[in-house]
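Here is the structure we will look at, set down as C-alpha cells.
Every read-out reported here was derived from the displayed coordinates using simple, explicitly stated rules and does not represent laboratory data. Treat the numbers as computed from the prediction; the structure is a model and nothing was measured. Cβ atoms come from the backbone with ideal geometry, glycine included; neighbour counts cover every protein chain shown.
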C-alpha cells in the first residue's frame with residue numbers, strides 16, 4: 001500500500017509540474033510586441049527603405065503616411081492581431097512597379113534587420129516571413 005501511495009504522490013507532483021511548465025503559446029501578434037511593436041517594425045522598415053538605394057525609387061510617388069497605415073494594418077492582421085487590412089489586394093497595389101525578386105529580397109532584408117534590432121525572436125521572425133513569402137507572386141513583375 002505504501003508503494004501505491006508513493007506512486008500516487010509522484011503522479012500528483014508530475015502533473016503539477018507539467019501544468020506549471022506548460023504556458024499557452026503567445027500569438028505572433030504578441031510576439032511582435034502587439035500594436036506598439038508592429039508600429040516600431042513599420043517605422044523601422046520605412047527608415048530602411050528610405051536608406052536603401054536598391055528599392056527607394058519604388059516609393060517615390062507613394063503617400064508614405066497611407067503606406068505606413070496599411071503596412072501596420074497588414075502586419076497586425078497577418079500576425080493574428082485585432083486589425084483589419086483596409087487596402088487593396090497585393091496585385092492591385094503593386095501593378096506597374098516592376099518589382100523583381102532582388103527588390104523583394106532587399107525589402108525582406110530590411111525587415112529582418114529591423115526585427116533583429118528590436119530583439120524579436122527568430123521563431124517569430126520566421127513565422128512572419130512565412131506569412132509574407134507567398135505574397136511575392138502577387139507583387140512581382142510579370
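Over the alpha-carbon set of the stretch 27-139, divide Rg by the Kirkwood Rh and report the Rg/Rh ratio to two decimals.
Computed over Cα atoms, the ratio is 0.93.
Tell me, what is the Rg over Rh of the stretch 25-75, with Rh the Kirkwood radius over Cα pairs?
1.06
What ranking, highest mean first, results for peptides 36-46, 108-118, 126-136, 70-80 when packing means the other Cβ atoms within 10 Å averaged over each residue?
The peptides rank, most packed first, as 70-80, 36-46, 108-118, 126-136.
If each residue of separation counts as 0.36 nm, what is the full-extension length gain between residue 109 and residue 95 once their alpha-carbon separation is subtracted?
2.8 nm
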